[in-house]
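The values are calculated or read from the model by the stated rules, or taken from the named source; none is laboratory data. Worth saying up front: this structure is predicted, and the values here are computed from it rather than measured. All Cβ positions, even for glycine, are placed from backbone atoms using ideal geometry, and neighbour counts span all protein chains on display.
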């Protein structure tokens, strides 16, 4: 992804954290400062973060970058079930496109040289 998303989970010298070092140097001290439910894990917070972004309407590509996934496929394989269904929106769009009033307006605009 772009430079704006690189280095999110890097240590002081720009090197990616090793799991054990991150756990000892970052995660454990952070837990001592906040109140989280018993059994809260970094992985669980990561999933919460992703689901909040999805429900807020963030783009899949942005979420891919924030989570550090190498491909959009990884993001969709993991979180695809969380995106809202677009069945109703799709039906409405197709219904509107084939609505006689809508089709007539489009033909009229095209014939008169206006952008449709």
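Annotations for the structure displayed:
- Count - residues of the range 49-65 that are farther than 15 Å from residue 80 by Cβ, in contact (Cβ under 8 Å) with a residue 24 or more places away in the chain and within 8 Å of the chain's Cα centre (by Cα): 0
- Subset of the range 68-104 that is at pLDDT below 90, in contact with a helix residue (DSSP H, G or I) (Cβ under 7 Å, 6 or more places away or on another chain) and assigned to a helix (DSSP H, G or I) - its residue that is farthest from residue 48 (Cα to Cα): 102
- For the range 34-41, the criterion of a residue being surrounded by fewer than 13 Cβ atoms within 10 Å (Cβ to Cβ), outside any loop (DSSP other than H, G, I, E, B) and without any contact (Cβ under 8 Å) to a residue 60 or more places away in the chain is satisfied by no position.
- Tallying residues that are surrounded by 11 or more Cβ atoms within 10 Å (Cβ to Cβ) and assigned to a helix (DSSP H, G or I) within the range 15-29 yields 7.
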